[in-house]
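Input: a single structure, listed below in structure tokens.
The values are calculated or read from the model by the stated rules, or taken from the named source; none is laboratory data. Nothing here was measured: the structure is a model prediction, and the numbers come from that model. Cβ coordinates were reconstructed from backbone atoms using ideal geometry, including for glycine residues, and neighbour counts include every protein chain displayed.
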Amino acid sequence: MKKILLFSFILILIPIIIVSLISYVPKNKSFEFTKNTYVRVKRTKTNKIDKVPLEEYVKGVVSGEMPVSFHEEALKAQAVAARSYVMYKIIHNKKKNYDVEDTVLNQVYLDDTKLRKNWGKNYEKNKEKINKVVNDTAYQYITYNGSIANALFFSTSSGYTENSEDIFVSKLSYLKSVKSEWDKESPKYLSTKKYKINDFLKKLQLPVDNKVKITDIKKGTTGRIDSITINNKVFTGKDIVNKLGLKSRIFEISVSDFVYINVKGNGHGVGMSQYGAQGMAKAGYKYQDILKHYYKGVNIEKIK
């Protein structure tokens, strides 16, 4: 009888153990990284994979993603975000032969040869500034609940950032919509496009009849366009952005003799606004404050 009971208990226990093992996701803690970590960077023009030391990679990303003229605290925030982002990618791209590409598909990375060409006579001064902000934040990255954060960032918000689930598939608790009032100072805050009516219709692959009728505009909480009906055809906000090359999904269309599209913000809107970070830095905030404003509930840790 005892053997039967023991066997029955084991049969019950096995499925529980299996489910627990399947459900378990290991925390991507800092011990998976060392100060000798390198990044496998795919160079899109040549398809070559370069192995770049982590901190050198961060210097190349800060130089490529944010104007070197920005305040040091904004540049420091960018350095920590860029480092966090690539560490997240290293973990999730283990089975690939590269971790990141060197373009906006991941993060813009510029090597020293490119920086010398771009900066010219200002190379030494600019390089010294970039080295300083990266060294001041050396090996620091952000975590949420013990896991490395997917530290997304973009150029300019419309006044609020976006929830990750409203733009991408995943809902991440640290990528929540926050107010970003500093972005109004960005030169990319407002932009306008103008089209002849039939050119506008052609771009949207609609019948050309010199008429534009806009109805049933659906917006998200921050004003982004979720869907819009033009000449009885429903488009998502993403459709319009892609077909017309707009800088964000927050836009208004007006029609007279021409079609005018007024766009607010620049980029996907999730995570840290770079011009928002610049505004916060100019207002006296430190890089830690900037990071914890745009990434909610995170901690800043350091590779040992």
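Working carefully through the options Lys129, Lys114, Lys94, find the one that is more than 18 Å from Pro67 (Cβ to Cβ), out of contact with any Phe, Trp or Tyr (no Cβ under 9 Å at 6 or more places or on another chain) and not hydroxyl-bearing (Ser, Thr, Tyr). Exactly one residue qualifies, and that residue is Lys94. Of everything in region 88-124 that is among the acidic types (Asp, Glu) and surrounded by fewer than 19 Cβ atoms within 10 Å (Cβ to Cβ), the residue that is nearest to Gly146 (Cα to Cα) is Glu101. Considering only residues that are polar (S, T, N, Q) and at pLDDT below 95, which ones fall in region 98-130? Within region 98-130, no residue meets the criteria. The C-beta contact set for region 45-57 (first residue of a type in the set (Ser, Thr, Tyr), second residue not in a strand (DSSP E or B), distance under 8 angstrom, 6+ apart or interchain) comprises Tyr57/Val86; Tyr57/Tyr109. For region 248-266, the tally of residues that are surrounded by fewer than 21 Cβ atoms within 10 Å (Cβ to Cβ) and part of a loop (DSSP other than H, G, I, E, B) stands at 2. With respect to the stated conditions, Val108 fails to be farther than 27 Å from Leu246 by Cβ, among the aliphatic types (A, V, I, L, M) and out of contact with any Ser or Thr (no Cβ under 7 Å at 6 or more places or on another chain).
In region 273-285 there is at least one residue that is assigned to a strand (DSSP E or B), over 23 Å from Asp209 (Cβ atoms) and outside the structural domain of Ile217 (by TED's automatic domain parsing). Going by what's in this entry, would Val108 be described as part of a loop (DSSP other than H, G, I, E, B), of a type in the set (Val, Ile, Thr), within 17 Å of Pro53 (Cα to Cα) and touching a residue at least 40 places away in the same chain (Cβ under 8 Å)? It is true that Val108 is part of a loop (DSSP other than H, G, I, E, B), of a type in the set (Val, Ile, Thr), within 17 Å of Pro53 (Cα to Cα) and touching a residue at least 40 places away in the same chain (Cβ under 8 Å). Of all positions in region 194-207, none carries a residue that is in contact with a His (Cβ under 8 Å, 6 or more places away or on another chain), farther than 17 Å from Tyr160 by Cα, surrounded by fewer than 17 Cβ atoms within 10 Å (Cβ to Cβ) and not β-branched (Val, Ile, Thr).
Of the residues examined, Ser84 is not one that is buried (at least 24 other Cβ atoms within 10 Å of the Cβ), of a type in the set (Ser, Thr, Tyr), assigned to a helix (DSSP H, G or I) and in contact with a Leu (Cβ under 8 Å, 6 or more places away or on another chain).
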